[in-house]
1. Hey, what D do you get for the range B:138-266 in µm²/s if you plug the Kirkwood alpha-carbon radius into Stokes-Einstein at 10 °C and 1.306 mPa s?
2. I'd like the FRET efficiency for A:Ala45 and A:Lys241, computed as 1/(1 + (r/R0)^6) with the beta carbon distance as r and R0 of 35 Å, rounded to 0.05.
3. Considering only protein heavy atoms, what per residue accessible area in square angstrom results for the range B:159-218 with a 1.4 angstrom probe?
4. Can you tell me which of A:Thr190, A:Thr318, A:Thr125 moves the most in a GNM of chain A? Springs connect C-alpha atoms under 10 Å apart.
5. May I ask you to list the aspartates and glutamates whose Cα is less than 12 Å away from that of A:Lys25, ignoring any residue fewer than eight positions away on the same chain?
6. For the range B:11-73, what is the per residue volume of the convex hull drawn over the alpha-carbon atoms, in cubic angstrom?
7. Estimate the FRET efficiency between A:Leu84 and A:Asp136 by the formula 1/(1 + (r/R0)^6), using the beta-carbon distance for r and 22 Å for R0, to the nearest 0.05.
8. What does the charge count around A:Ala295 come to, taking other residues whose C-beta lies under 9 Å from its C-beta (Lys +1, Arg +1, Asp -1, Glu -1)?
There are 2 protein chains.
Amino acid sequence: MKRLRLSITGFGTVGQGLAELLSTKHALLQQEYNLDIILVSVANARSGFIYRENGLDIPAILELAAARRSLTAHPGVTHWENPLEGLRTTGGDILVEATPTNLHDAEPGISHIRIAISKGMHVVTANKGPGALAADELFALARQHGVQLRMESTVMAGTPVISTIREGMAGASVHALRGILNGTTNYILTAMAAGQSYGEALADAQARGYAETDPTADVEGFDAVAKTLILAALIFGRSLKPGDVIRQGVTTITREQVQQAIEQDNRIKLVASLRLLAGDARQEAALEARVAPVALPLSDPLARVDGVMNALTVSADTLSEVTIIGPGAGRAATGQGLLADIIACARGQV
Amino acid sequence: MKRLRLSITGFGTVGQGLAELLSTKHALLQQEYNLDIILVSVANARSGFIYRENGLDIPAILELAAARRSLTAHPGVTHWENPLEGLRTTGGDILVEATPTNLHDAEPGISHIRIAISKGMHVVTANKGPGALAADELFALARQHGVQLRMESTVMAGTPVISTIREGMAGASVHALRGILNGTTNYILTAMAAGQSYGEALADAQARGYAETDPTADVEGFDAVAKTLILAALIFGRSLKPGDVIRQGVTTITREQVQQAIEQDNRIKLVASLRLLAGDARQEAALEARVAPVALPLSDPLARVDGVMNALTVSADTLSEVTIIGPGAGRAATGQGLLADIIACARGQV
């Protein structure tokens, strides 16, 4: 049995979702993967960083978090106000970085990741900031320290796309990706296809918790841009900046445009795309990156992906088109992506 | 650089397709995967088994095969009439088993695989016979010898489904699979949806090389049954027999039934399915296995998968439904699946 000591920074929906899986799947992980995973530290904004050498009681920690109480109430923990200091002092085998995405400077996640890698910890993250803004630096650091940095959950949550392309399709040369990578806008466009106006659809998405009070990051395409940057780095090995991605959101799309598209047997979707312009995988080919509404014919596998579902179509030399459709958000789905990454780290996949 | 010595038994479309990829991707495999793959032996029915310590010249071997000449014409090779003897005497790091599928006794593939594993070779195979009829025995043998046995290409060719479920979704508990796993019947049903009769559609599929002169294995569902047995073993860890799979082919489907389904916004597809009857992943739950035509509503992601494309929908505790759509056959696509498996063996994934 291989013992893995885990640290989780950021204990909101995502961090708690993973902790829940670690608790409910503890026996399965032992039996099927020969892994004994213990959670040695957790950090959140309310409580700072708590650590317990022999492992935290996950149900107890989840209860404290649900009651919005300080995690320091867990018996027998050592406490640091500053997570960076706590992490630097304690360490572990794997850091799970689950603080909220910040697309301005990727903090505090990027600092957590830098420290963990420097201490020789593998890192798995659901936080889009570090991968979108600093993939180059972080992967170089990981190589230097001989550890893995994995981020399956940053794109389509736990629906396996990054691992499917990098490992499942190993050896193939990918020349294009096209995806529906933002569930909020897809929900809105689907509701508009059913007859709602943009305003009605947005209000509906907000009422269901799919859109935030300030929906800018989703409806203006910034979230999809972040995922596009991550895919550019992980699939094409290209370090793009946010400004390199041609971006158009869905706020100016009208019900009439959506309905007219339907009459022509098309569906308007917010499509994130990456395309090697020379049409091959030569290092020098330019990579075009774009997030914009597109009218897709019904024969396109992305056209029928409705509601909050996400999808990605991969074009490669050996496989024409492969499309993966699945959930793009959610507590269990995001936790699943982190869990698969943790297992991959334990297996020693690179 | 890690040097891998490869042996290929069976040098028809599949074996040649892989050899082609190994040749065209030799530099890429060195650069991106740090692998120097050399082909040390090849066997086919015409030539027996040829071996060359320092590696065969792949373009030369492909030329001989294309000209239907004996592979023994390759300079400097040692030759055995009997591939089993050749393999036993020479060995290598990985056996690629690509002889034709035989669903009666899995020969000669299963004998090649047994010998290779016993010699400590990893095995990757596109041959459905051994996995469908003897997965239990072969995986036990592989564990005993500490080697990997991988068979991505047996289901949906190189479209990554087995690795996506086992590795990309590691930690998830799968409770059901539903798939379009046979391209020939999907081509026929798609043509019938466009107005052809069964006979016309079959003749069309035969003319295009999608169906064989004796189409029984495809149209009666035996090919889909073999893939269902492989998925039962690899995803659910259950060893089913062909007779355990409820089977109905497409030969009795009429154009009228297909058209009537369309009028009701459904599509008739040959669906292979596996389902844990208790609805969870307990070891004791019964596994229902079925291959039969089903009328799917258009909201089903499988309904719009047309022509020779294949697809698989995975239902799991943490991911609701994930669907993977991609090519299910073809020289490059099948070679791709073998190549990804080879890279996974080299990486030491289990």
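1. 95 µm²/s
2. Given R0 = 35 Å and the Cβ-Cβ separation, E is 0.75.
3. Details: 1990 Å² over 60 residues.
For the range B:159-218, the solvent-accessible area averages 33 Å² per residue.
4. Maximum among the listed residues: A:Thr318.
5. Qualifying aspartates and glutamates at Cα under 12 Å: A:Asp36, B:Asp317.
6. Values: hull volume 4.7 nm³, N = 63.
Once divided by residue count, the hull of the range B:11-73 is 75 Å³.
7. Numbers: r = 22 Å, r/R0 = 1.00.
Computed FRET efficiency for A:Leu84 and A:Asp136 comes out at 0.50.
8. Details: positive: A:Arg267, A:Lys269; negative: none.
Local charge sum for A:Ala295: +2.
The values are calculated or read from the model by the stated rules, or taken from the named source; none is laboratory data. It should be emphasised that the depicted structure is a prediction, and the values quoted were computed from it without experimental measurement. Note that we place each Cβ from the backbone using ideal geometry, even for glycine, and neighbour counts take in every protein chain shown. Ligands, DNA and RNA are stripped out before the accessible areas are found, and what is left, the full protein with its side chains, is counted by its heavy atoms. Shrake-Rupley method; radii C 1.70, N 1.55, O 1.52, S 1.80 Å.
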